[in-house]
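Beneath this line is the structure, given in C-alpha coordinates, with notes to follow.
The values are calculated or read from the model by the stated rules, or taken from the named source; none is laboratory data. Note that the structure is a prediction, hence the values are computed from the model and not measured. Methodologically, a virtual Cβ is constructed for each residue, glycine included, from the backbone with ideal geometry; neighbour enumeration extends over all protein chains shown.
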(Lines give C-alpha, C1' and ligand atoms only; values in the text may rest on other atoms or scores of the structure.)
Protein backbone atom coordinates (compact mmCIF):
# COMPACT_ATOMS: atom_id res chain seq x y z
CA UNK A 1 0.00 0.00 0.00
CA UNK A 2 1.65 3.22 -1.19
CA UNK A 3 -1.22 5.66 -0.81
CA UNK A 4 -4.40 6.36 1.14
CA UNK A 5 -6.34 5.86 -2.08
CA UNK A 6 -5.02 2.32 -2.50
CA UNK A 7 -5.95 1.51 1.08
CA UNK A 8 -9.46 2.91 0.56
CA UNK A 9 -9.78 0.79 -2.58
CA UNK A 10 -8.68 -2.31 -0.69
CA UNK A 11 -11.18 -1.64 2.08
CA UNK A 12 -14.02 -1.52 -0.46
CA UNK A 13 -13.24 -5.00 -1.82
CA UNK A 14 -16.26 -7.20 -1.22
CA UNK A 15 -15.09 -10.61 -0.04
CA UNK A 16 -18.53 -12.20 0.20
CA UNK A 17 -22.22 -11.41 0.48
CA UNK A 18 -21.84 -10.08 4.01
CA UNK A 19 -18.21 -8.98 4.44
CA UNK A 20 -15.78 -6.44 3.03
CA UNK A 21 -12.02 -6.32 3.38
CA UNK A 22 -12.31 -3.26 5.63
CA UNK A 23 -14.03 -5.43 8.24
CA UNK A 24 -10.78 -7.30 8.81
CA UNK A 25 -8.09 -4.61 8.75
CA UNK A 26 -8.56 -3.07 12.21
CA UNK A 27 -5.85 -4.01 14.70
CA UNK A 28 -5.68 -2.81 18.29
CA UNK A 29 -1.93 -3.47 18.29
CA UNK A 30 -1.49 -1.59 15.04
CA UNK A 31 -3.73 1.26 16.16
CA UNK A 32 -2.14 1.78 19.58
CA UNK A 33 1.46 1.37 18.43
CA UNK A 34 1.02 3.16 15.07
CA UNK A 35 2.01 0.14 12.95
CA UNK A 36 0.24 -0.03 9.56
CA UNK A 37 -1.85 -3.17 9.19
CA UNK A 38 -1.87 -3.65 5.43
CA UNK A 39 -1.01 -6.64 3.25
CA UNK A 40 2.12 -6.80 1.12
CA UNK A 41 0.53 -9.30 -1.28
CA UNK A 42 -2.94 -7.85 -1.78
CA UNK A 43 -4.11 -10.49 -4.26
CA UNK A 44 -3.22 -13.37 -1.94
CA UNK A 45 -4.80 -11.68 1.07
CA UNK A 46 -8.02 -11.05 -0.85
CA UNK A 47 -8.15 -14.58 -2.26
CA UNK A 48 -7.67 -16.12 1.19
CA UNK A 49 -10.18 -13.72 2.73
CA UNK A 50 -12.79 -14.61 0.11
CA UNK A 51 -12.57 -18.29 1.00
CA UNK A 52 -12.74 -17.56 4.74
CA UNK A 53 -15.81 -15.37 4.32
CA UNK A 54 -17.69 -17.33 1.68
CA UNK A 55 -17.12 -20.79 3.14
CA UNK A 56 -17.15 -20.08 6.89
CA UNK A 57 -18.37 -16.64 7.92
CA UNK A 58 -21.32 -16.23 5.56
CA UNK A 59 -22.91 -19.53 6.66
CA UNK A 60 -22.43 -18.52 10.31
CA UNK A 61 -24.02 -15.13 9.64
CA UNK A 62 -26.92 -16.68 7.74
CA UNK A 63 -27.60 -19.13 10.56
CA UNK A 64 -27.03 -17.16 13.77
CA UNK A 65 -27.26 -13.52 12.71
CA UNK A 66 -24.53 -11.01 13.47
CA UNK A 67 -20.92 -12.21 13.64
CA UNK A 68 -18.48 -9.91 15.47
CA UNK A 69 -14.92 -9.70 14.15
CA UNK A 70 -12.46 -9.47 17.06
CA UNK A 71 -9.09 -9.95 15.37
CA UNK A 72 -8.43 -10.89 11.79
CA UNK A 73 -5.77 -9.94 9.24
CA UNK A 74 -2.38 -8.99 10.63
CA UNK A 75 0.54 -7.67 8.66
CA UNK A 76 3.89 -9.30 9.32
CA UNK A 77 4.96 -6.10 11.07
CA UNK A 78 1.93 -6.05 13.38
CA UNK A 79 2.09 -9.75 14.19
CA UNK A 80 5.85 -9.69 14.65
CA UNK A 81 5.57 -6.80 17.10
CA UNK A 82 2.79 -8.60 18.97
CA UNK A 83 4.85 -11.76 19.25
CA UNK A 84 7.99 -9.96 20.38
CA UNK A 85 6.08 -8.08 23.07
CA UNK A 86 3.97 -10.95 24.41
CA UNK A 87 0.69 -9.56 23.06
CA UNK A 88 -0.96 -12.93 22.38
CA UNK A 89 0.45 -13.35 18.88
CA UNK A 90 2.19 -16.52 17.77
CA UNK A 91 5.32 -16.21 15.63
CA UNK A 92 4.98 -14.95 12.08
CA UNK A 93 5.80 -18.36 10.66
CA UNK A 94 3.13 -20.00 12.82
CA UNK A 95 0.62 -17.40 11.62
CA UNK A 96 1.34 -17.70 7.90
CA UNK A 97 -1.97 -18.69 6.22
CA UNK A 98 -3.68 -17.91 9.52
CA UNK A 99 -3.83 -14.33 10.84
CA UNK A 100 -1.22 -13.42 8.22
CA UNK A 101 -3.35 -13.86 5.13
CA UNK A 102 -0.77 -12.66 2.61
CA UNK A 103 1.75 -15.43 3.23
CA UNK A 104 1.40 -19.12 2.45
CA UNK A 105 2.35 -21.58 5.17
CA UNK A 106 5.51 -23.68 5.04
CA UNK A 107 3.65 -26.34 3.04
CA UNK A 108 2.53 -23.80 0.43
CA UNK A 109 -1.10 -23.61 1.56
CA UNK A 110 -3.16 -20.45 1.28
CA UNK A 111 -5.24 -19.64 4.33
CA UNK A 112 -6.86 -17.03 6.54
CA UNK A 113 -8.22 -16.89 10.07
CA UNK A 114 -10.18 -14.54 12.27
CA UNK A 115 -11.24 -14.38 15.90
CA UNK A 116 -15.00 -13.99 16.16
CA UNK A 117 -17.90 -13.85 18.59
CA UNK A 118 -21.36 -15.16 17.71
CA UNK A 119 -23.64 -13.09 19.99
CA UNK A 120 -26.53 -15.56 19.73
CA UNK A 121 -24.32 -18.25 21.26
CA UNK A 122 -22.26 -15.98 23.53
CA UNK A 123 -25.34 -15.12 25.60
CA UNK A 124 -25.93 -18.82 26.25
CA UNK A 125 -22.26 -19.54 26.94
CA UNK A 126 -22.22 -16.87 29.64
CA UNK A 127 -25.10 -18.70 31.33
CA UNK A 128 -23.17 -21.97 31.32
CA UNK A 129 -23.62 -23.54 27.90
CA UNK A 130 -20.68 -25.65 26.73
CA UNK A 131 -18.56 -24.15 23.94
CA UNK A 132 -18.34 -27.64 22.45
CA UNK A 133 -21.94 -27.36 21.24
CA UNK A 134 -20.94 -24.64 18.78
CA UNK A 135 -17.67 -26.38 17.94
CA UNK A 136 -19.46 -29.56 16.91
CA UNK A 137 -21.99 -27.59 14.87
CA UNK A 138 -19.17 -25.93 12.93
CA UNK A 139 -17.40 -29.27 12.54
CA UNK A 140 -20.49 -30.91 11.06
CA UNK A 141 -21.48 -28.05 8.75
CA UNK A 142 -18.43 -26.07 7.60
CA UNK A 143 -15.04 -26.78 5.93
CA UNK A 144 -12.91 -25.21 8.68
CA UNK A 145 -9.23 -25.93 9.27
CA UNK A 146 -9.06 -25.15 12.98
CA UNK A 147 -10.97 -23.65 15.88
CA UNK A 148 -9.69 -22.46 19.24
CA UNK A 149 -12.14 -21.20 21.86
CA UNK A 150 -11.54 -18.62 24.60
CA UNK A 151 -13.20 -18.02 28.00
CA UNK A 152 -14.68 -14.58 27.24
CA UNK A 153 -18.00 -14.67 25.34
CA UNK A 154 -17.05 -17.95 23.65
CA UNK A 155 -14.83 -16.00 21.25
CA UNK A 156 -12.95 -18.37 18.99
CA UNK A 157 -10.32 -18.40 16.32
CA UNK A 158 -11.72 -19.82 13.11
CA UNK A 159 -9.43 -20.69 10.24
CA UNK A 160 -9.88 -21.69 6.63
CA UNK A 161 -6.92 -23.26 4.83
CA UNK A 162 -6.15 -25.32 1.79
CA UNK A 163 -5.69 -28.92 2.96
CA UNK A 164 -7.53 -28.24 6.25
CA UNK A 165 -6.26 -29.73 9.50
CA UNK A 166 -9.70 -30.05 11.16
CA UNK A 167 -8.43 -29.35 14.69
CA UNK A 168 -10.42 -28.09 17.69
CA UNK A 169 -8.95 -26.81 20.97
CA UNK A 170 -9.96 -24.49 23.79
CA UNK A 171 -8.71 -22.26 26.61
CA UNK A 172 -12.28 -22.18 27.93
CA UNK A 173 -13.38 -24.98 30.24
CA UNK A 174 -13.19 -27.83 29.51
CA UNK A 175 -9.71 -26.88 28.30
CA UNK A 176 -7.55 -28.80 25.90
CA UNK A 177 -7.72 -30.51 22.54
CA UNK A 178 -11.18 -31.65 21.53
CA UNK A 179 -10.10 -32.95 18.13
CA UNK A 180 -6.62 -33.57 16.73
CA UNK A 181 -5.93 -33.00 13.07
CA UNK A 182 -6.60 -36.02 10.90
CA UNK A 183 -8.61 -37.84 13.56
CA UNK A 184 -12.30 -38.63 13.64
CA UNK A 185 -14.36 -37.50 16.66
CA UNK A 186 -14.95 -40.06 19.39
CA UNK A 187 -18.52 -38.76 19.62
CA UNK A 188 -20.89 -40.19 17.02
CA UNK A 189 -22.76 -37.92 14.63
CA UNK A 190 -25.94 -38.57 16.61
CA UNK A 191 -24.24 -37.51 19.86
CA UNK A 192 -22.88 -34.37 18.26
CA UNK A 193 -26.23 -33.46 16.72
CA UNK A 194 -27.94 -33.89 20.09
CA UNK A 195 -25.69 -31.19 21.56
CA UNK A 196 -26.94 -28.57 19.09
CA UNK A 197 -30.43 -29.81 18.29
CA UNK A 198 -31.89 -26.49 19.47
CA UNK A 199 -29.75 -24.41 17.08
CA UNK A 200 -31.47 -22.46 14.30
CA UNK A 201 -31.82 -23.94 10.83
CA UNK A 202 -28.64 -23.96 8.75
CA UNK A 203 -28.52 -20.74 6.68
CA UNK A 204 -32.15 -20.16 7.60
CA UNK A 205 -31.99 -16.36 7.75
CA UNK A 206 -34.69 -14.58 5.72
CA UNK A 207 -34.05 -11.48 3.59
CA UNK A 208 -36.53 -9.03 2.15
CA UNK A 209 -37.18 -9.87 -1.52
CA UNK A 210 -35.29 -7.95 -4.17
CA UNK A 211 -37.63 -5.85 -6.34
CA UNK A 212 -38.20 -7.64 -9.64
CA UNK A 213 -36.65 -4.89 -11.78
CA UNK A 214 -33.37 -5.25 -9.85
CA UNK A 215 -33.34 -9.02 -9.25
CA UNK A 216 -31.06 -9.92 -12.15
CA UNK A 217 -28.62 -7.16 -11.27
CA UNK A 218 -28.57 -8.30 -7.65
CA UNK A 219 -27.78 -11.89 -8.65
CA UNK A 220 -24.79 -10.90 -10.76
CA UNK A 221 -23.33 -8.12 -8.60
CA UNK A 222 -20.26 -8.77 -6.48
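Worth pointing out:
- The residues of segment 98-109 that are touching a strand residue (DSSP E or B) at 6+ places or on another chain (Cβ under 7 Å) and touching a residue at least 60 places away in the same chain (Cβ under 8 Å), listed by number, are 98, 101, 103, 104.
- The residues of segment 91-130 that are over 17 Å from the mean Cα position of the chain (by Cα) and part of a helix (DSSP H, G or I), listed by number, are 92, 93, 123, 124, 125.
- Applying the criterion of being under 15 Å from residue 67 (Cα atoms) and within 12 Å of the chain's Cα centre (by Cα) to the residues of segment 150-165, the residue that is surrounded by the most Cβ atoms within 10 Å (Cβ to Cβ) is 156.
- Residue in segment 95-114 that is surrounded by fewer than 24 Cβ atoms within 10 Å (Cβ to Cβ) and more than 21 Å from residue 47 (Cα to Cα) present: no
- Pair list, Cβ < 6 Å and 6+ apart or interchain, from segment 1-17 residues that are within 23 Å of residue 54 (Cβ to Cβ) to residues that are modelled with pLDDT of 90 or more and not in a helix (DSSP H, G or I): 14/20
- Residue check, residue 176 under 22 Å from the mean Cα position of the chain (by Cα) and at pLDDT 95 or above: yes
- Just one of the listed residues (208, 200, 143) is surrounded by fewer than 17 Cβ atoms within 10 Å (Cβ to Cβ), in contact with a strand residue (DSSP E or B) (Cβ under 8 Å, 6 or more places away or on another chain) and in a loop (DSSP other than H, G, I, E, B), and it is 143.
- Residue, surrounded by the fewest Cβ atoms within 10 Å (Cβ to Cβ), within segment 73-90, restricted to residues that are touching a residue at least 12 places away in the same chain (Cβ under 8 Å) and assigned to a loop (DSSP other than H, G, I, E, B): 87
- Between 98, 135, the distinction of being out of contact with any helix residue (DSSP H, G or I) (no Cβ under 6 Å at 6 or more places or on another chain) and within 23 Å of residue 76 (Cα to Cα) belongs to 98 only.
- Residue within segment 174-182 that is under 26 Å from residue 24 (Cα atoms), surrounded by 17 or more Cβ atoms within 10 Å (Cβ to Cβ) and either in contact with a helix residue (DSSP H, G or I) (Cβ under 9 Å, 6 or more places away or on another chain) or without any contact (Cβ under 8 Å) to a residue 60 or more places away in the chain (or both) present: no
- Scanning segment 19-44 for residues that are in a helix (DSSP H, G or I), closer than 23 Å to residue 109 by Cβ and in contact (Cβ under 8 Å) with a residue 60 or more places away in the chain returns 24, 42, 44.
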